[in-house]
Amino acid sequence: MMNRIEYTGENMAEPMRDPKNLQAQIEEFQRTQRQLSLIASQHQQMLMQLEELKLAQEYLKDTKAESAIFKAVGNLLVQTEKKSANKEIDERLEVFDVRERSLKKQEDTVRERLDKMRKELEKAASS
């Protein structure tokens with residue numbers, strides 16, 4: 001006689017041994033893996049953009065106020081003042097920093113959920 005546990009909606013942490021439920025759990029695990037991959041990619045891109053902004057900020061620190069400074073506007077380079085460029089970079093750094101922290105938090109949350117799901121699947125597979 002085979003032990004069979006079906007999902008009742010009461011305890012989601014309980015492993016599912018019914019093949020249909022196990023397949024649904026595997027599919028959810030795969031969706032969560034794709035979600036983590038997407039978030040991790042966005043997070044990595046945000047980190048690269050932050051690094052570029054920090055480099056631009058460092059470059060501007062060493063630039064004289066009267067030097068010609070250009071910023072990209074679409075396909076054009078437009079001359080701007082050092083003060084204006086600094087302000088714009090500072091604002092973008094602030095926004096990007098908030099976004100990066102948000103992505104990091106999302107990534108950590110999804111990674112924890114994925115680890116929990118992996119353990120549940122391993123437990124169900126070993127039963």
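What follows draws every value from the coordinates through simple rules; no lab data is involved. Because the structure is a prediction, the values reported are computed rather than measured. Reconstructed Cβ throughout: ideal geometry from the backbone, glycine too, with neighbour counts over all protein chains shown.
Using a Förster distance of 22 Å, how high is the FRET efficiency between Ser84 and Leu50, based on the Cβ-Cβ distance and rounded to 0.05?
On the way: r = 21 Å, r/R0 = 0.93.
The computed FRET efficiency comes out at 0.60.
Rounded to the nearest 10 degrees, the inclination of helix 19-61 to the longest alpha-carbon principal axis of the chain is 10 degrees. In this structure, the amide hydrogen of Ile69, modeled 1.01 Å from its nitrogen in the peptide plane, lies closer than 5 angstrom to those of Thr80, counting only residues at least 5 positions away or on a different chain. Just going by the charge dipole of the chain, with Lys and Arg at +1 and Asp and Glu at -1 on Cβ, which of Val110, Leu36, Gln25 is farthest out on the positive end? Sorting the options by dipole projection puts first Gln25.
Between the helical axis of 82-126 and the longest alpha-carbon principal axis of the chain there is an angle of about 10 degrees.
Count Lys and Arg as plus one, Asp and Glu as minus one, and take only other residues whose Cβ is under 12 Å from that of Gln42; the net charge is then 0. Under 21 Å Cα to Cα from Lys61, which lysines show up? Leave out anything in the same chain fewer than 8 places away. Those lysines meeting the cut-off are Lys71, Lys82, Lys83, Lys87.
Full-extension gain between Ser127 and Ser37, please, as 0.36 nm times their residue separation minus the C-alpha to C-alpha distance.
Numbers: separation 90, 0.36 × 90 = 32.40 nm, distance 2.93 nm.
Length difference between fully extended and current span is 29.5 nm.
Partners of Lys116 within straight-line reach, counting lysines whose Cα lies under 19 Å from its Cα and excluding those fewer than 8 residues away in the same chain: Lys104, Lys105. Taking GluC sites (Glu not before Pro) in DSSP loop conformation with at most 16 other Cβ atoms inside 10 Å as exposed sites, the chain has its longest uninterrupted site-free stretch at 11-65.
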